[in-house]
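A.B. asks: Below are the C-alpha cells for one structure; questions will follow.
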Amino acid sequence: MADYGQFCSVARAHEAIGGRWTLLVVRELLCGSRRFNDIRRGIPRISRTMLSERLQALVQAGAVSRMEGEHGPEYALTEAGRELMGIVSALGTWGQRWLPRHAADEDLDLEPVLVDMQRRVRPEALPKEPLVVRFEVEGQRQPRFLLLKEAEVSLCTQNPGFPEPLRIRARLPALVAWWRGDVNFAEAQRTGLTVEGPRELAKAFPHWFERYLFAEVEPAARP
C-alpha cells in the first residue's frame, strides 16, 4: 500500500482503499455478496490471493467485518464501509457519463454481466411459473442458465430442472451494450442479440430486469 506521507484525508483514504481491485470488492459487497466465491464471481479476473489480500486490507481499515457463517467465512461492510457507497456511485456515474462506450472494442467478460442481471431481476414482473433462460454467447464454450422464480433467482452452469422456454443467443458486445444502456433492446437485437422462444415471453424478457444501475446516465456531449 502506497505511503504518501501527507496529512490530507484524501491521501490517507487513498492509502487505505485506493489499491487496484479494492473498490470493486466494495462494489460487490454493496450489491449483496457475502462469501468469497460470490465476490469473485463479480470480479473474475482477480486472483484468489489478491482477493484475500484486498479483503484483509478492508478488514484492517475497519471497512469490512469478517465472521464465520454456516458454510465458512462471510464478509459484510461496516458503517465505515457502507459510507463508501457514495464513492462507488460517483465513480460509476462519472465513468458512464465521461468514458467512451464502445462495447465492441472493449475487453469484456460475460460473468459480471450475468451476475449483475441475476441480482437486478424484478420478481414481481416474472411469469408465475418458474422457468430457465438459456444464454448462448458467442465465444463461450458452455451455455449459462438463469433460473427465474419469484422466490429465487440463480445463475447456473446447468439447467436445475425447470422448463427452458427462452434461449438468448448473443454476441457479448451486443448484450453488454443493451445492459449498460448504450442502446435499447431493439437496437441490440439488430447488432447480435436474439431471443428465441414463445413470442409473449420473448417480448416480456427485457422487462424482467431493472437494467444496470447506471444505465440511465446519459453520456456527456462531446465537443
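A.B. asks: In the range 117-129, which residues are surrounded by fewer than 16 Cβ atoms within 10 Å (Cβ to Cβ) and over 19 Å from the mean Cα position of the chain (by Cα)?
C.D. replies: Glu124, Ala125, Pro127, Lys128, Glu129
A.B. asks: Could you look through the range 50-79, keep only residues that are among the small types (Gly, Ala, Ser) and surrounded by 16 or more Cβ atoms within 10 Å (Cβ to Cβ), and pick out the one that is nearest to Val26 (Cα to Cα)?
C.D. replies: Going through the range 50-79, the residues among the small types (Gly, Ala, Ser) turn out to be 52, 57, 61-63, 65, 69, 72, 76.
Subset that is surrounded by 16 or more Cβ atoms within 10 Å (Cβ to Cβ): 57, 61, 63.
Numbers: Ala57: 12, Ala61: 12, Ala63: 9 Å.
Out of the qualifying residues, it is Ala63.
A.B. asks: A follow-up question, please. With respect to Arg101, determine if the residue is in a loop (DSSP other than H, G, I, E, B), closer than 21 Å to Gly181 by Cα and either modelled with pLDDT under 95 or touching a strand residue (DSSP E or B) at 6+ places or on another chain (Cβ under 6 Å) (or both). Write out each step before concluding.
C.D. replies: Details: in a loop (DSSP other than H, G, I, E, B): yes; closer than 21 Å to Gly181 by Cα: yes; either modelled with pLDDT under 95 or touching a strand residue (DSSP E or B) at 6+ places or on another chain (Cβ under 6 Å) (or both): yes.
So Arg101 passes the test.
A.B. asks: Every residue in the range 185-223 that is in the same structural domain as Glu136 (by TED's automatic domain parsing) and without any contact (Cβ under 8 Å) to a residue 24 or more places away in the chain, please.
C.D. replies: Matches in the range 185-223: Phe185, Ala186, Glu187, Ala188, Gln189, Arg190, Thr191, Arg199, Glu200, Lys203.
A.B. asks: Check every one of the helices (runs of 4 or more DSSP H) wholly within the range 1-79 and list those with 1 or more residues that are out of contact with any Lys or Arg (no Cβ under 8 Å at 6 or more places or on another chain) and over 28 Å from Asp109 (Cα atoms). It would help to see each step written out before you state the result.
C.D. replies: On the way: elements: 9-17, 22-30, 36-41, 48-60.
By residue number, 9-17, 48-60.
A.B. asks: Of all residues in the range 135-155, count the ones that are part of a loop (DSSP other than H, G, I, E, B) and either in contact with a helix residue (DSSP H, G or I) (Cβ under 7 Å, 6 or more places away or on another chain) or within 18 Å of Tyr212 (Cα to Cα) (or both). Steps first, answer last, please.
C.D. replies: Going residue by residue through the range 135-155, those that are part of a loop (DSSP other than H, G, I, E, B) are 138-143, 150-151.
When the remaining residues are screened for being either in contact with a helix residue (DSSP H, G or I) (Cβ under 7 Å, 6 or more places away or on another chain) or within 18 Å of Tyr212 (Cα to Cα) (or both), the result is 138-140, 150.
So the answer is 4.
A.B. asks: Does the range 23-48 hold any residues that are polar (S, T, N, Q) and either more than 15 Å from Thr78 (Cα to Cα) or outside the structural domain of Met85 (by TED's automatic domain parsing) (or both), and which are they? Lay out the reasoning, then the answer.
C.D. replies: Step one: filter the range 23-48 for residues polar (S, T, N, Q), giving 33, 37, 47.
Asn37, Ser47 - these are the residues of the range 23-48 that are polar (S, T, N, Q) and either more than 15 Å from Thr78 (Cα to Cα) or outside the structural domain of Met85 (by TED's automatic domain parsing) (or both).
A.B. asks: In this structure, does Val132 turn out to be at pLDDT 95 or above, surrounded by 15 or more Cβ atoms within 10 Å (Cβ to Cβ), assigned to a strand (DSSP E or B) and under 16 Å from the mean Cα position of the chain (by Cα)?
C.D. replies: Details: at pLDDT 95 or above: yes; surrounded by 15 or more Cβ atoms within 10 Å (Cβ to Cβ): yes; assigned to a strand (DSSP E or B): yes; under 16 Å from the mean Cα position of the chain (by Cα): no.
The answer is no for Val132.
The values are calculated or read from the model by the stated rules, or taken from the named source; none is laboratory data. Quick caveat: nothing in here was measured; it's all calculated off a predicted structure. Note that we place each Cβ from the backbone using ideal geometry, even for glycine, and neighbour counts take in every protein chain shown.
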